[in-house]
Amino acid sequence: MERFNTKNALYPLLGFVISIVTLVYGLIMARHDNIFYFYACVWVLFVAFGYIRSCLAVIPVALLMCLTFGGITYAISGNVENTVVALSRSIAIVLAFIPGLAVSSTLFIRNLQQFKVPKVIVLGMMVALNFFPILSKEIKQIKQAMRTRGVTTIANPKVFYRALLMPLMSRIVNISDTLALSVETRGFTTDKSSVTIYNPVKIDLRDVAFVIIFATLAVLTAVL
Amino acid sequence: MNKLNIEINENIHNKHIDESVAVDIKNLSFCYANNAEVKVLNNVNFNMRYGNVALLAGMSGQGKSTLFSVINGVIPNVTNGNISGDILVDGKSIIGKSIGDISRVVGSVLQNADSQIIQPIIADEIAFGCENIGMLPMTIEKKIIDSCNIMQLDRTHKTRTLSGGQKQRLITATTLAMGQKIIILDEPLANLDMAGSAMLMLSLRRLADKGYAVLVIEHRLDMVIEYVDTVWNIDGGNIDKVEDKSKYLENQSVEIEDIVTEKVSNDILFQLQEVSYNVRTKSILEDISFDICKGERVVIVGENGCGKTTLLKIISRLIKPTYGRIDQNINSKFGARKKGCKEWYKDVGVIYQNPNYQLFMPTVEQEILFNGYSLEYCQKIVDMFELGSLLHRHPQSLSEGQKRKVTIATVLAARPKVLLLDEPTVGQDYASLKLLINNLNQIHIEEQNTMITVTHDKRCVGAICDKAVKLRRGIIQEVGGKELTL
């Protein structure tokens, strides 16, 4: 997800809230006449706030979802109005992903810490975020190692799975053991001892501006 | 190196270092809960002093890491067992204290830096420990600058793209930043090249000169020789202070002799032609061209992250070069650019940097027989590597050093014509190293195999080298003989 990071993302939790508001607002207002204008404006707003990469990345997904859900709705109901509503909801879902995609995991975690979210949850998230890249790297290594030991095909499934799973299990157990010990010896405890936050994330003027514009758009859409 | 700028503890006055006892272990005995008969530590007395660098050395599996875990509280907090005796850290007993509490006094650098990194950016990783002990953000900022200076890291770099050596330095930096006065390190040099090792040891030396107490657990004595004050030897659960330090170190770090005397043939086995390898836009290897003759022992040397392992993987056909080709004369059916198949790996034995990936059978015996050439040959290999007593053990239950020995034995048992070894000596104590190198050379004499080794280990590199290829930042700096390894 790193490639979607913007240099100047919104305040992480705000990004998260905007995602949810966009989604809920879109779902509720799906039948409103102006809703597509709202989507267009929000999309432009995101682009203006530096989310260009995520904005472009969601276009193919939006098309795919619109085709699928719109297509299914039209095939079942044959009703144009219902199809438009389905399209509208699909777009709302996709749009809600934009700030989510661009949230930097580091900032989001720092943000959670600032709001005194229990440390175990924060650490769990940190580890989980790292885990998938590690896992894919491990599997790649193991597959190479399997070839060096002559296990190249699945022809002998028993040996194949052994050669894949045994090292994988041992590595995962090993990595999690080391990781657990490492964070503990680096002073991480689950009790309520005092913790400081280096470099906390702060709300700035951009964030406020974004909220004002976003809220105005939402109100205008509903009123006009 | 002269840029080193260590100002971690401002309160210590260089001239009056108080060499008082930092860690004092008295009559300590310990056995693991699952193996109550064997005392891993037997009535041990040991101490660390402020202002000193201490070295704990000894064979693999003698209890070095156990002592390490006792000092940082992992034993008995995480690992169960019977413990008796007293452990005083900074004058206070740590028995009954949590790891978190002990970590405020003792900084530990664990093995396997690779699995310990949790943050995406270097500065945040360093800040992690400091945040946990409630350091003020301004102080953290200063600590990040200091420890990045000492370990020569760029604070803005992404952690995921670091090389093994850089990761090791980062994990060391995270501990240094926390500022504890007692620092213990478990095999910190395992993945570091010469320059990296010297840099780390020098930094530790300077910390000690500022009043820190440092304990290094290490096999590579040749690298730590000049930096330590006291040496402790661990053997069969007993720890003794070594009085004649220089003699002990000399005995353990003499370069191993090369027993191979025969001359190499002139038949070319591999011909590398302008081999390059890129990952996205980053060039890892560039224009690598050299020949490897039949029966030659080639060593690839170079600093951390210069592309040694990548080159070995390309030769072993685990990955394909982006440009260039490698002609081989092992067998014409393998072609020049085909993917490595089952037959290929029968002729080309590959020993991985990390043995955990290559072991998967339920017992060591089955592991060795899996691709074994014949029963007799396997038996011979078992005897050579002294694995008799481990035959019925589960490979994953062995120590790292033993696992590595088993991996090497399993690959050799298949009687390959070409042997590719990636850092085969990591985690081997001197006796095992000697056995390993002599066995490799013995088999080389008998089988006339071709060996290509990647290693940093100064103790043995000369003993397995006919030709040395020196890499620097992905390009060949020099190709020559043994003299390049010095």
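Note on B:GLU343/B:ALA195: beta-carbon distance plugged into 1/(1 + (r/R0)^6) with R0 of 30 Å gives a FRET efficiency of 0.15. When the convex hull of its Cα atoms is viewed from all sides, the stretch A:119-185 shows a mean projected area of 5.1 nm². How large is the Rg to Rh ratio of the protein assembly as shown when both quantities use alpha carbon positions and Rh follows Kirkwood? Ratio of gyration radius to Kirkwood radius: 1.02.
Quick note on the stretch B:188-246: its Rg to Rh ratio, both from C-alpha atoms and Rh being the Kirkwood radius, is 0.97. The loop-placed trypsin sites (Lys or Arg not before Pro) in the stretch A:1-93, going by DSSP, that have at most 12 neighbouring Cβ atoms within 10 Å of their Cβ come out as A:LYS7. When only the Cβ of Lys, Arg, Asp and Glu is charged (+1, +1, -1, -1), the dipole of the protein assembly as shown relative to its Cα centre reaches about 2020 debye.
Placing B:CYS341, B:CYS31 in order of accessible area, with the largest value first and a 1.4 Å probe, yields B:CYS341, B:CYS31. Over all distinct Cα-Cα pairs of the stretch B:268-485, the Kirkwood formula returns a hydrodynamic radius of 17.6 Å.
Per residue, the accessible area of the stretch B:397-486 comes to 31 Å² when a 1.4 Å probe rolls over the protein heavy atoms. Taking A:GLY71, A:GLY150, A:GLY124 as the candidate residues, the one with maximal mean-square fluctuation in a Gaussian network model of chain A, Cα springs under 10 Å, is A:GLY150. Cross-linked pairs A:LYS137/A:LYS158; A:LYS137/B:LYS167; A:LYS119/B:LYS158; A:LYS143/B:LYS342: Cα-Cα separations exceed 18 Å for A:LYS137/A:LYS158; A:LYS119/B:LYS158. Computed over every Cα-Cα pair of chain B and binned at 10 Å starting from 0, the pair-distance distribution P(r) comes out as 4, 18, 28, 26, 16, 7, 1, 0 percent. In chain A, a dipole from Cβ-located charges (positive for Lys and Arg, negative for Asp and Glu) runs towards its positive end, and of A:ILE154, A:VAL195, A:VAL61 it is A:ILE154 whose Cα lies farthest in that direction.
To the nearest ten degrees, helix B:137-150 and the longest principal axis of the Cα atoms of chain B are 40 degrees apart. Springs between Cα atoms under 10 Å define the GNM used for chain A, and in it the highest mean-square fluctuation of A:LYS119, A:LYS202, A:LYS158 occurs at A:LYS158. Taking a straight Cα-Cα cut-off under 20 Å and skipping sequence neighbours fewer than 8 places away in the same chain, the lysines within cross-link reach of B:LYS241 are B:LYS26, B:LYS39, B:LYS64. Checking every one of the GluC sites (Glu not before Pro) in the stretch B:429-486 against DSSP loop status and a limit of 12 other Cβ atoms within 10 Å picks out no site at all. Charge tally around A:VAL183: other residues with Cβ under 13 Å, Lys/Arg +1 each, Asp/Glu -1 each, net -2.
This model, with +1 at the C-beta of Lys and Arg and -1 at the C-beta of Asp and Glu, gives chain A a dipole about its Cα centre of some 940 debye. Note on the stretch B:232-287: Cα-only Rg and Dmax are 23.1, 54 Å. Among the GluC sites (Glu not before Pro) in the stretch B:341-416, those located in a DSSP loop and surrounded by at most 14 other Cβ atoms within 10 Å of their own Cβ are B:GLU386. The magnitude of the dipole of the stretch B:14-253, with charges of +1 and -1 set on the Cβ of Lys/Arg and Asp/Glu and taken from the Cα centre, is near 420 debye. On C-alpha positions alone, give me the angle between the axis of helix A:12-28 and the longest principal axis of chain A, in degrees, nearest 10. Value to nearest ten degrees: 50.
The distance between label points at A:ASP204 and A:MET125 comes to 2.2 nm (points 7 Å beyond Cα on the Cα→Cβ vector).
The Rg/Rh ratio for chain A, using Cα coordinates for both the radius of gyration and the Kirkwood hydrodynamic radius, is 1.10.
For B:TYR277, the shell of other residues with beta-carbons less than 11 Å away shows a net charge of +1, using +1 for Lys and Arg and -1 for Asp and Glu. Result for chain A in a Gaussian network model with C-alpha springs under 10 Å: among A:ASN79, A:ASN199, A:ASN156, the largest mean-square fluctuation is at A:ASN156. Using R0 = 35 Å, the C-beta based FRET efficiency linking A:SER136 and B:PHE290 works out to 0.60.
Near B:GLN477, the amide H atoms lying under 5 Å from its own belong to B:LYS470, B:LEU471, B:ARG472; only residues 5 or more places off or on other chains count, and H is placed 1.01 Å from N.
Relative to the longest principal axis of the Cα atoms of chain B, helix B:430-447 runs at roughly 0 degrees.
The values are calculated or read from the model by the stated rules, or taken from the named source; none is laboratory data. Everything numeric here is computed off the predicted structure, so don't read it as measured data. Neighbour counts run over all protein chains shown; Cβ positions are idealised from the backbone, glycine included. Surface accessibility is based on the protein's heavy atoms, side chains included, excluding ligands, DNA and RNA. Shrake-Rupley method; radii C 1.70, N 1.55, O 1.52, S 1.80 Å.
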